[in-house]
1. When only residues in region 258-307 that are part of a loop (DSSP other than H, G, I, E, B) and among the hydrophobic types (A, V, I, L, M, F, W, C) count, which is surrounded by the most Cβ atoms within 10 Å (Cβ to Cβ)?
2. What do you reckon, is A246 part of a helix (DSSP H, G or I), out of contact with any helix residue (DSSP H, G or I) (no Cβ under 8 Å at 6 or more places or on another chain) and open to solvent by less than 30 Å² (accessible area, probe 1.4 Å)?
3. Of the conditions (1) crowded, with 21+ Cβ neighbours inside 10 Å; (2) touching a residue at least 40 places away in the same chain (Cβ under 8 Å); (3) not in a strand (DSSP E or B), L76 clears all except one; give me its number.
4. Could you please find all residues in region 26-47 being in a loop (DSSP other than H, G, I, E, B), touching a residue at least 40 places away in the same chain (Cβ under 8 Å) and open to solvent by 50 Å² or more (accessible area, probe 1.4 Å)?
5. When region 205-221 is examined, which residues are found to be charged (D, E, K, R) and surrounded by fewer than 21 Cβ atoms within 10 Å (Cβ to Cβ)?
6. Of everything in region 361-413, what is more than 25 Å from L71 (Cβ to Cβ) and part of a strand (DSSP E or B)? Give them in sequence order.
7. Yes or no: G470 open to solvent by less than 20 Å² (accessible area, probe 1.4 Å) and under 32 Å from the mean Cα position of the chain (by Cα)?
8. In the list G195, G178, G216, which residue meets the criterion of being in contact with a Pro (Cβ under 6 Å, 6 or more places away or on another chain) and not β-branched (V, I, T)?
Amino acid sequence: MTDLLLPVILCGGSGTRLWPLSRESYPKQFLAFSGTKTMLQHTATRLHGLHPAIPIAYAPLLVCNEDHRFLVASQLREAGVLGATILLEPVGRNTAPALTLAALQATAQGADPVMLAMPADHVVSDLAAFHSAVQTAYAAAIQGHVVTFGVEADYPETGYGYIRHQSTQAEGVFLVDGFTEKPDADTAQQYVNAGNYLWNSGLFMLRASTWLKAIGHCRPDMRQTCEKSMQAARHDIDFIRPDATAFSLCPSDSIDYAVMEKLPMHPEWGVAPCVVPLQAGWSDVGAWDALWGVSARDAQGNALLGDTVVQHNCTNSLLLASSRLVAGVGLQDIIVVETPDAVLVVDKRFTQEVKQVVANLARNGDALAHTHRKVHRPWGWYDSIDRGERFQVKRIVVNPGASLSLQMHQRRAEHWVVVKGIAEVTHGDRCYRLHENESTFIPVGHTHRLRNPGAEPLEIIEVQSGAYLGEDDIVRLDDAYGRTERVQ
């Protein structure tokens, strides 16, 4: 169907300003800040209940980092979103190339759907208002307009870009005069006072062909490299992999810089940028003060997240606990975030500077800048709960029916103790099962595999011992997930 609405979810980004909860290996779009649904899952189901007059594609199209492919697929399954098309970026090149890949995939079979491009890490609390804005934008998008959504600015925010629009409108759609980058405080106040400036939400709706036309005018080099990478793309399990060599040559740029800011200056291209005002409880949750702003708060203005948080005489603060008791006393406008391996304490006025801490950690080679103690894998996860000289202890959980790769280690031995479920162990030429409270020993250099044949998660405690315990001491002999011998 020509006018089919295709949700396109842009699932890149590292969310460094939400460290230590968000990290490169497990960024904010995969986190559940409230309730049980993650930000990605909320985004993937955001159009449920849209007016039936708008035909929606059976499943969304996602563009994500190759390293996050199994996280994306797993969270979509958990949310009941089946049949999604998942495009894997070999390297990050920002949102403009990501949307170009999506448009090329959407038109590959001759269709020309209306794409609703949504970042996976935004919050929208009023779905009815969001659906209403989508309906308004859809009517303009099918006519060939590039439609963006502008959030009504109710205070002078310096962390957002702004959209300047004309005063006249047609059925709730305004023509865009221009885009401005993040202003200083005085300029932001002038924008709010002017009345014709909206926060740039980063949400877009347009036909796939309209985007390809626009990117062809604005960045023909970007379109060409994306076309080459998609022409040589290959299918791998449930994923589509654009050619890495071609895509690595693609310039890196955002949708705003590459296209949107240029369109108002070139009406001769015939691609008119429009904006639909949005009042739907939107936030990009770009920093900890933004999460405080969208969270439920007590009478003193405190957001308390986690089951083990207590406060006394605190005001306008956010306390978040992941694994331990967090107690706040006499705090005002303070953010406290606890994870098993790091604690952040920051004044709400300086939350934008958290990314500098991450940059310093990365510069010093500290793995905490990029990874959590708890590491997710396509088969489940592991948590490194203790470590000392020549030993490491991990808690390992394997999903029902899943298995680790057939592998060996050249410098460490492993002791496995089953604490829950049933383990199927391949050890050299032997294959046997272990039940709760049973154990086995894998010597250095022995081929082995761990599998969960049961219907419930398998949980084991693994004690590694040896002279070297790094994750790169692994030789994969067989793997169900198409990984190389290096850990992925």
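The values are calculated or read from the model by the stated rules, or taken from the named source; none is laboratory data. These numbers were taken from a predicted model, which means no experiment stands behind them. Neighbour counts are summed over all protein chains in view; Cβ atoms, including those assigned to glycine, are modelled from backbone coordinates with ideal geometry. Just so you know, the surface numbers come from the protein's heavy atoms only, side chains and all, with ligands and any DNA or RNA stripped out. Shrake-Rupley method; radii C 1.70, N 1.55, O 1.52, S 1.80 Å.
1. V285
2. In short, no.
3. If we test L76 against (1) crowded, with 21+ Cβ neighbours inside 10 Å; (2) touching a residue at least 40 places away in the same chain (Cβ under 8 Å); (3) not in a strand (DSSP E or B), just (2) comes out false.
4. Selection gives S34, K37.
5. Once the filter is applied, which keeps residues that are charged (D, E, K, R) and surrounded by fewer than 21 Cβ atoms within 10 Å (Cβ to Cβ), region 205-221 yields K213, D221.
6. Answer for region 361-413, where residues must be more than 25 Å from L71 (Cβ to Cβ) and part of a strand (DSSP E or B): D386, G388, F391, M408, R412, A413.
7. Against the criterion (open to solvent by less than 20 Å² (accessible area, probe 1.4 Å) and under 32 Å from the mean Cα position of the chain (by Cα)), G470 qualifies.
8. G178
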